[in-house]
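What follows is a short report on a single structure.
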Amino acid sequence: MENTLYIALSKQTALWRQLDMIANNLANVNTTGYKKASSHFTEYLSETKSDEALLSDRLSFVHDSGTVRDFSEGVFSPTGNPFDLALHGSAFFVVETNEGIRYTRNGQFKINDEGMLVTGNNDPVLDERNNPVFIAPQETEFNVTKDGVILTENGEIARLQTVEFEDMQKLRATHAGLYENMPGNPVHAAKPRIEQGMIEKSNVNAVVEMSEMIKVQRAYENIQMMIDTEHARRQNAMQVYAKSSS
């Protein structure tokens with residue numbers, strides 16, 4: 001029956017997507033603030049009727065229902081750069097892009113030519129009032145407290161905006177470590193914990209990902225062997241039928 005091949009192909013398609021995600025995780029193992037992604041699979045049942053059975057049979061297909069992201073905290077690494085900031089817990093920094101407000105765990109910031117605190121892609125980092133943060137040309141000190149207050153030699157100039165989400169799985173990764181918030185609004189982080197002069201590394205474990213890649217590749221190859229075997233069986237059956245009919 002064709003159903004055997006359809007079910008096998010549904011599993012192969014899901015494994016191929018899973019392999020693609022593992023490869024992307026490995027490619028970002030050194031990306032600041034990157035969060036591991038994995039596929040979420042569910043069973044899809046389809047009823048089918050046969051001339052040989054009074055009752056309908058149900059076929060079980062593999063359905064790739066979406067992406068699950070691991071937002072656990074990565075290891076903090078000291079840089080000595082005062083503009084590098086790392087966030088403990090589940091909070092995010094808020095930045096303004098050409099596409100709108102976005103959220104990030106990548107705190108590798110810098111000061112642009114206009115004295116504005118920006119990301120590596122020159123997107124402004126926002127304060128708690130949704131305004132960009134500016135450092136005056138004559139100010140040489142830059143300190144950030146654990147709760148996000150920015151201080152220079154002239155005192156407090158702003159407080160970084162940090163937010164949390166009720167369901168982080170609704171965040172959609174866009175580019176450069178940025179996330180777009182899907183339905184619902186973020187809430188201000190009640191007690192942010194910021195580490196200055198630190199960056200948060202990717203939470204991808206390269207050894208685990210390589211092991212998972214090998215396992216997925218073997219599963220894919222086993223299904224391909226099953227498909228090839230089924231194809232050979234059908235060809236043999238057709239040849240036997242042709243000989244018996246002649």
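Out of curiosity, is residue 76 buried (at least 18 other Cβ atoms within 10 Å of the Cβ), of a type outside the set (Ser, Thr, Tyr), at pLDDT 95 or above and within 23 Å of residue 190 (Cα to Cα)?
Details: buried (at least 18 other Cβ atoms within 10 Å of the Cβ): no; of a type outside the set (Ser, Thr, Tyr): yes; at pLDDT 95 or above: yes; within 23 Å of residue 190 (Cα to Cα): yes.
So residue 76 does not fit the description; no.
Which pairs do you get when a residue that is more than 15 Å from residue 93 (Cα to Cα), found in region 166-194, comes within reach of a residue that is modelled with pLDDT under 90 and small (Gly, Ala, Ser), reach meaning Cβ atoms under 8 angstrom, with the pair 6+ apart or on two chains?
What qualifies is 166/184; 167/184; 170/184.
Return only the number of the condition from (1) more than 30 Å from residue 22 (Cβ to Cβ); (2) in contact with a Gly (Cβ under 7 Å, 6 or more places away or on another chain); (3) touching a residue at least 40 places away in the same chain (Cβ under 8 Å) that residue 104 does not satisfy.
Every listed condition holds for residue 104 apart from (1).
Can you tell me which residue in region 36-60 is surrounded by the fewest Cβ atoms within 10 Å (Cβ to Cβ), limited to those that are of a type in the set (S, T, N, Q) and either part of a helix (DSSP H, G or I) or modelled with pLDDT of 70 or more (or both)? Step through it out loud before you land on a result.
Pass one, region 36-60, residues of a type in the set (S, T, N, Q): 38-39, 42, 46, 48, 50, 56, 60.
In the following step, the residues that additionally are either part of a helix (DSSP H, G or I) or modelled with pLDDT of 70 or more (or both) were identified as 38-39.
Numbers: 38: 15, 39: 19.
Looking at the filtered set, the residue picked out is 38.
Residue 180 is checked against (1) open to solvent by less than 40 Å² (accessible area, probe 1.4 Å); (2) touching a strand residue (DSSP E or B) at 6+ places or on another chain (Cβ under 8 Å); (3) of a type in the set (Asp, Glu) and fails just one. What number does that condition carry?
(1)
Strands (runs of 3 or more DSSP E) wholly in region 147-246 with at least 2 residues that are in contact with a His (Cβ under 9 Å, 6 or more places away or on another chain) - which ones?
On the way: elements: 149-152, 155-159, 162-164, 171-173, 178-181, 194-196, 198-200.
Passing ranges, in order: 162-164, 194-196.
Among the residues of region 131-140, which ones are in a loop (DSSP other than H, G, I, E, B), at pLDDT 95 or above and open to solvent by 70 Å² or more (accessible area, probe 1.4 Å)?
131
Considering region 144-169 alone, what residues qualify as being open to solvent by 20 Å² or more (accessible area, probe 1.4 Å) and at positive phi?
155
Pick from region 10-35 the residues that are open to solvent by 40 Å² or more (accessible area, probe 1.4 Å) and free of Cβ contacts under 8 Å to residues at least 60 places away in the same chain: which of them is nearest to residue 222 (Cα to Cα)?
Per the stated criteria, the residue is 13.
Among the numbered criteria (1) farther than 30 Å from residue 38 by Cβ; (2) open to solvent by less than 40 Å² (accessible area, probe 1.4 Å); (3) of a type in the set (Gly, Ala, Ser), which one does residue 86 miss?
All conditions pass for residue 86, except number (1).
Return yes or no: is residue 106 assigned to a loop (DSSP other than H, G, I, E, B) and loosely packed, with under 15 Cβ neighbours inside 10 Å? Spell out the reasoning first.
Numbers: assigned to a loop (DSSP other than H, G, I, E, B): yes; loosely packed, with under 15 Cβ neighbours inside 10 Å: no.
No.
Looking only at residues in region 185-209 that are surrounded by 13 or more Cβ atoms within 10 Å (Cβ to Cβ), under 21 Å from the mean Cα position of the chain (by Cα) and not acidic (Asp, Glu), which one is farthest from residue 36 (Cα to Cα)?
Ranking the candidates gives 186 first.
Consider region 69-95. How many of its residues are of a type in the set (Phe, Trp, Tyr), more than 15 Å from residue 145 (Cα to Cα) and either assigned to a strand (DSSP E or B) or more than 16 Å from the chain's Cα centre (by Cα) (or both)? First the steps, then the outcome.
From region 69-95, those of a type in the set (Phe, Trp, Tyr) are 71, 76, 83, 92-93; that's our starting set.
Now restrict to residues that are more than 15 Å from residue 145 (Cα to Cα): 71, 76, 92.
Subsequent filtering for residues that are either assigned to a strand (DSSP E or B) or more than 16 Å from the chain's Cα centre (by Cα) (or both) retains 76, 92.
Matching residues across region 69-95 total 2.
The values are calculated or read from the model by the stated rules, or taken from the named source; none is laboratory data. Just so it is clear, the model here is predicted, and its values are computed rather than measured. Neighbour counts are summed over all protein chains in view; Cβ atoms, including those assigned to glycine, are modelled from backbone coordinates with ideal geometry. Side chains included, ligands, DNA and RNA excluded: accessible areas come from the protein's heavy atoms. Shrake-Rupley method; radii C 1.70, N 1.55, O 1.52, S 1.80 Å.
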